[in-house]
Amino acid sequence: MTKIKELRCVIGGCRYSLDEVSYTCPVHGEVGTLDILYDYAALREAVDRDEISASKRNNFWRYKALLPVDADSRVPPLAVGWTPLYDARRLADHFGLSRVWVKDDGANPTGSLKDRASALVLARALEAGFSTVSAASTGNAAAALAGLGAALPEIEVLIFVPASAPSAKIAQLLVYGAIVLLVEGTYDDAFELCMQICQEQGWYLRNTGVNPFTTEGKKTVALEIAEQLDWQVPDVVAVSVGDGSIISGIHKGFCDLLHLGWIDRVPRLIGVQAEGSAVLAGAFAAGSSPEEIQRQSVTTIADSIAAELPRDRAKALRAVRETDGAYVTVSDDHIVTAIPKMAQLSGVFAEPAAAATFAGLERALRTGILDPGESVCLVSTGNGLKDIESARKSVSGELRVAADIDAVKTALQTVKVL
Ligand SMILES: *Cc1c(COP(=O)(O)O)cnc(C)c1O
Ligand SMILES: [Zn+2]
């Protein structure tokens, strides 16, 4: 692919061609994740942002020219991306911020932002002729791979998830017909097992961070935010962080646009972690290098951001450090109360990991990390229906009535509607 200049290792700057390596840097190992870099001068000549804006493709393939696949490559048919960006006035008032947008990625086909990475990885698998694609996941990446893969008859999807994953996510996997291995262990255990079997069998590995196409898929959320705001990017983009792949993808997307000259700056990136799963926040506060980061045992209600050893740690630290951003942490209680608050102020029902971002913005404002004069885009990464049990913990107050009009009226009096 002539538009790709090189794959560059985040740790040592080692350079490779797309044919030379598939996953991480052979010299620096697993922490040495790769950036897919383009010939930006050639892209600037070949691609025009107004042409993209005129595109009738209402999905993320409108950016195919900026992605590491050929123009005529086959892609999975489901409509991934081009999700709504809401101008959330009530949220802005709540936070006391000038402008707040919500990017609702729960509106993707399988209900999370992970569809972006899985769609691109599957396109790559088709191009490279793989017939088995496998992923370890806390649930959403797997559901994305299973769902998008279901429409591709030549691809078999093999999934490793912790047995503790929320039941809606496991149901999704089974419904889509993937082969599902429920690992009696953590997400990190599932990750290692998946990697090992893929290496042994020559199957294509979708694992977050390790596969550089995952970052490229996730970057499309930044391309959309920029385009939907007419290339005037917000001051801050906030997103929750587990492995750190989404925040890295957002960073990469804005950097690509900056290189193309389509935007004039990269927003500050604020990463939100759960207090019980805060490896990156800890490393950021301590000024650690990615190589120094050690595995920690973690626990949080926000299963999608539970990561003992964040796989995209190098890119995720860089994303925040290079943009003058920050990491903040929030408690599980705060996350649970954020679910209905965010839903009632914006109409967007988010799963715990996505509502964590709302909680993180409250915290960032309280601690002065965020200035009330700044405009903010909150990326809502996953649909609330993914984890009903957690959502149910956050709300009460339903009125149970007998099937009788008088009972209805009495009940409505208690809430002063009558
Ligand atoms: C995966 C995921 C995240 C975190 O993304 P990372 O790349 O692991 O940092 C946040 N929210 C939801 C809903 C997710 O599925
Ligand atoms: Zn390297």
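Every number in this text was worked out from the coordinates using simple rules, so none of it is lab data. Here the structure is a predicted model, which means the values were calculated and not measured. Backbone-built Cβ (ideal geometry, glycine too); neighbour counts: all protein chains shown.
Give the Rg (one decimal place) followed by the Dmax (whole number) of the range 29-176, computed from C-alpha coordinates and expressed in Å.
When restricted to the Cα atoms of the range 29-176, Rg and Dmax are 17.8, 52 Å.
The range 1-64: which trypsin sites (Lys or Arg not before Pro) are DSSP loop and have at most 12 other beta-carbon atoms within 10 angstrom?
Answer in residue order: LYS56.
For the chain, with a Gaussian network of springs between Cα atoms less than 10 Å apart, report the residue from LEU67, LEU174, LEU280 with the top mean-square fluctuation.
Sorting by GNM fluctuation, first place goes to LEU174.
Would you report the distance distribution of C-alpha pairs in the range 254-376 as whole percents per 10 angstrom bin, up to the bin with the largest distance?
13, 39, 35, 12, 0
Dividing the convex hull volume of the alpha carbon atoms of the range 325-418 by its residue count, what do you get in Å³ per residue?
About 137 Å³ per residue, rounded to a whole number.
Consider a paramagnetic label point 7 Å from the Cα of LEU193 along Cα→Cβ; state which residues of the range 149-163 have an amide N under 15 Å from it.
Label zone hits: 158-163.
For the chain, what Kirkwood radius comes out of the mean inverse Cα-Cα distance, in Å?
The answer is 21.6 Å.
In the chain, what % of DSSP beta bridges are antiparallel (nearest 5)?
Taking every DSSP beta bridge within the chain, about 30 percent pair in antiparallel fashion.
I want to verify the translational diffusion coefficient of the range 306-377 in µm²/s; compute it with Stokes-Einstein, Rh as the Kirkwood radius over Cα pairs, at 25 °C and 0.890 mPa s.
The calculation lands on 182 µm²/s.
Could you tell me which trypsin sites (Lys or Arg not before Pro) in the range 318-382 are loop residues by DSSP with no more than 15 other beta carbons within 10 angstrom of their beta carbon?
Loop-located and lightly packed - none at all.
If Lys and Arg each add +1 and Asp and Glu each add -1, what is the summed charge of the other residues whose beta carbon sits under 13 Å from the beta carbon of GLY244?
+4
Return the lysines within reach of LYS169: Cα separation strictly under 30 angstrom, same-chain partners fewer than 8 residues apart disregarded; answer none if there are no such residues.
LYS64, LYS103, LYS114, LYS218, LYS219, LYS252, LYS315, LYS341, LYS386, LYS393
Check the chain for me: any Cys whose beta-carbon has no other cysteine beta-carbon within less than 4.7 Å?
So far as the 4.7 Å Cβ criterion goes, CYS194, CYS198, CYS255, CYS377 stand without a partner in the chain.
Report P(r) for the range 304-347: all Cα-Cα distances, bin width 10 Å, range 0 to the bin holding the largest distance, values in whole percent.
Spelled out bin by bin, the range 304-347 gives 21, 36, 34, 9 percent.
Say each of ASP50 and ARG90 gets a label point 7 Å from the Cα, pointing the same way as Cα to Cβ; how far apart are those two points in nm?
3.9 nm
Could you give the length gained on full extension between LEU181 and GLU322, defined as 0.36 nm per residue of separation minus the Cα-Cα distance, in nm?
Going from the current span to full extension adds 46.9 nm.
How far, in nm, would the chain grow between SER98 and ALA171 when pulled straight, counting 0.36 nm per residue and subtracting the alpha carbon separation?
Contour length minus the Cα-Cα distance gives 22.2 nm.
By the scheme Lys and Arg +1, Asp and Glu -1, what is the net charge of all other residues having a beta-carbon under 13 Å from that of GLN296?
That sum, taken over residues with Cβ under 13 Å, equals -2.
Within the range 351-380, find all residues whose amide N lies under 19 Å from a label point positioned 7 Å from the Cα of ARG265 along Cα-to-beta-carbon.
365, 368-378
In a Debye calculation with equal point scatterers on the alpha-carbon sites of the range 63-124 and no solvent, what is log10 I(q)/I(0) at q = 0.25 Å⁻¹?
-1.00
Between VAL21 and ALA41, take the C-beta separation as r, use R0 = 30 Å, and let me know the FRET efficiency to the nearest 0.05.
0.80
Okay, which of the range 1-18 sit inside 18 Å, backbone N to the point 7 Å along the Cα-Cβ direction of ARG57?
1-4, by backbone N distance to the label point.
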